[in-house]
Protein chains: 2
Amino acid sequence: MEEISEKQLSILKVAERLFADQGFHGTSVRDIAQEADVNIAMISYYFGSKDKLLESIVKYRMKASQKFIQDLLVDDTMKPLDKIYAMIDRFINKMMGEQNFQCIMSREQLNSEKSPVRDLIWELKREMLGLMQPIVTDAQEAGIFHKDIDVVMLMTSLFGTIHQIIPAQKLLRNDPEFSDLDEATFKENLKQRLSIHLKKLFKAILTHEF
Amino acid sequence: MEEISEKQLSILKVAERLFADQGFHGTSVRDIAQEADVNIAMISYYFGSKDKLLESIVKYRMKASQKFIQDLLVDDTMKPLDKIYAMIDRFINKMMGEQNFQCIMSREQLNSEKSPVRDLIWELKREMLGLMQPIVTDAQEAGIFHKDIDVVMLMTSLFGTIHQIIPAQKLLRNDPEFSDLDEATFKENLKQRLSIHLKKLFKAILTHEF
DNA sequence: AGCAAAGTTAAACAAACGTTTAATTTAAAC
DNA sequence: GTTTAAATTAAACGTTTGTTTAACTTTGCT
């Protein structure tokens, strides 16, 4: 991976925001150049093409995501459920902290044509699943978790719920219930609510009888 | 609402599929015209513009969705949890039966710019919530459901899980576990799995103590 | 048959697109 | 100070975009 200068990074950030707001095809390189305050030609000069620019964004965020995943399970002294609670919280923080990127992921995973970006997304999801599965299996064998658990569906609900909350934010923001809160506390509020909800959800499915 | 001829409908269907697969901006009117086997000018002639075409798709599906919602709660003899179970199953069937449209919804709700389409989507979600809320509240007062329930989050998980499963299908399809199944039974299999998972999830959160 | 409206077509439209060019400026190295 | 490479620019490139035009065909009605 090549070095990324400060100027390249600012282009990446602007492009990420615009791709998230208007979609890849809905954003022109001229839009990006203008908002990033650089000449149009610089985008091809630095990244090769508009497609490569998107790839660069994904690779940039993905590199951090994979490090995130690796660091997710260092503490082996925790009880299985606490491990998962910790994962959920760190997950919420991660995804809510890079909402623009998550928007791009949401959009890109819908594309039918096979793209390098889509493949990277699913590689990441598989890694997450590979991390969660052994925790569940171990706890099942220890008799702590319920026998009959669909881990794939559980992870789908985790991803899906957070991915749904991101666009819903703009709408909830208009509710009188939150209108007097400032942006930061509103966001923190929502993260708290997400955390409580998802932990309940996981605990119920993992440990309760039905 | 105007009448829709068979030719117009075939354009709508083709456009729906292409918008779902490649996104709105990723699909050209020439693509649509070619696949629908009509002249390019017919799209403007019938629908006015590309934007209006998308609106027509959304309005067409939305009309059915609102009728769907109205018919959702006729049987008042059921117990609250059974009502919700019935809702979940009908929901899964509805959404998995119009996956292309759901893809469009997923994409469109991410747009930052205020669009008539995005507003329609949220109107629909609010209606769903308005339908679920009284069932929960009534059952809470009757002591059947737990006191502390975040209905918004619960609905978010419902929508989110299904919306996540739709793009995941293409990936799961490649798993050796399902490779020998034909398309229809695979889909039915997945719907079954979704149903079991979501019912567990709802039952746990609605009725269990924590 | 004759006429008006609706349907259909190929061609053309200007605008916007992503990308490239060639010239110029800046920076670094010797 | 000269040289060499990198950075930056305005302009132009050829496509593709959504939409419109104007001519033509079909349809339905009296």
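The values are calculated or read from the model by the stated rules, or taken from the named source; none is laboratory data. Remember, it's a predicted structure, so these values are computed and weren't measured experimentally. Neighbour counts run over all protein chains shown; Cβ positions are idealised from the backbone, glycine included.
Just a few scattered comments:
- Complete set of residues in the stretch B:162-178 that are surrounded by 18 or more Cβ atoms within 10 Å (Cβ to Cβ), of a type in the set (A, V, I, L, M, F, W, C) and without any contact (Cβ under 8 Å) to a residue 24 or more places away in the chain: B:Ala168
- B:Ile88, sole failed condition from (1) within 16 Å of DNA strand C (Cβ to nearest atom); (2) aliphatic (A, V, I, L, M); (3) within 14 Å of another protein chain (Cβ to nearest Cβ): (1)
- Whenever a residue of the stretch A:191-202 is facing chain B (nearest Cβ under 9 Å) and touching a residue at least 24 places away in the same chain (Cβ under 8 Å), its partners that are small (Gly, Ala, Ser) and assigned to a helix (DSSP H, G or I), lying with C-beta atoms within less than 9 angstrom and at least six residues away or across chains, give the pairs A:His197/B:Ser157; A:Leu198/A:Ser157; A:Leu198/B:Ser157; A:Leu201/A:Ser157; A:Leu201/B:Ser157; A:Leu201/B:Ala204.
- B:Asp71 being surrounded by fewer than 17 Cβ atoms within 10 Å (Cβ to Cβ), more than 17 Å from the chain's Cα centre (by Cα), away from DNA strand C (no atom under 16 Å from the Cβ) and within 30 Å of B:Val136 (Cα to Cα): no
- Complete set of residues in the stretch A:8-58 that are within 22 Å of the chain's Cα centre (by Cα) and among the β-branched types (Val, Ile, Thr): A:Ile11, A:Val14, A:Thr27, A:Ile57, A:Val58
- Members of the stretch A:152-178 that are in contact with a Leu (Cβ under 8 Å, 6 or more places away or on another chain) and more than 10 Å from every other protein chain (Cβ to nearest Cβ): A:Gln169, A:Phe178
- Scoring B:Leu181 on the criteria (1) more than 8 Å from chain A (Cβ to nearest Cβ); (2) surrounded by fewer than 21 Cβ atoms within 10 Å (Cβ to Cβ); (3) in contact (Cβ under 8 Å) with a residue 24 or more places away in the chain leaves a single failure, condition (3).
- Taking the listed residues A:Asp51, A:Asp21, A:Asp82, A:Asp31, the one that is of a type outside the set (Phe, Trp, Tyr) and under 30 Å from A:Ile205 (Cβ atoms) is A:Asp82, with no other qualifying.
- Test result for A:Phe159, assigned to a helix (DSSP H, G or I), surrounded by 17 or more Cβ atoms within 10 Å (Cβ to Cβ), at pLDDT 90 or above and not aliphatic (A, V, I, L, M): yes
- The helices (runs of 4 or more DSSP H) found wholly in the stretch A:1-112 include none carrying at least 2 residues that are within 14 Å of DNA strand D (Cβ to nearest atom) and of a type in the set (Asp, Glu).
- Within the option set A:Glu16, A:Glu35, being within 14 Å of chain B (Cβ to nearest Cβ), more than 14 Å from DNA strand C (Cβ to nearest atom) and among the charged types (D, E, K, R) holds for one residue only, A:Glu16.
- Restricting the stretch B:97-123 to residues that are in contact with a Leu (Cβ under 7 Å, 6 or more places away or on another chain) and crowded, with 18+ Cβ neighbours inside 10 Å, the residue that is farthest from the other protein chains (Cβ to nearest Cβ): B:Val117
- Some residue of the stretch A:174-181 being aliphatic (A, V, I, L, M) and assigned to a helix (DSSP H, G or I): no
- Being among the small types (Gly, Ala, Ser) and either over 16 Å from the mean Cα position of the chain (by Cα) or surrounded by fewer than 16 Cβ atoms within 10 Å (Cβ to Cβ) (or both) is a property that holds for B:Ala142.
- Of everything listed in (1) surrounded by fewer than 15 Cβ atoms within 10 Å (Cβ to Cβ); (2) over 20 Å from B:Met96 (Cα atoms), the single unmet condition for B:Thr27 is (1).
- The stretch A:24-53 residues that are farther than 16 Å from A:Ile4 by Cβ, paired with ones that are near DNA strand C (Cβ under 7 Å from one of its atoms) and assigned to a loop (DSSP other than H, G, I, E, B) (beta carbon under 7 Å, 6 or more apart): A:Val29/A:Ile40; A:Arg30/A:Ile40; A:Ala33/A:Ile40
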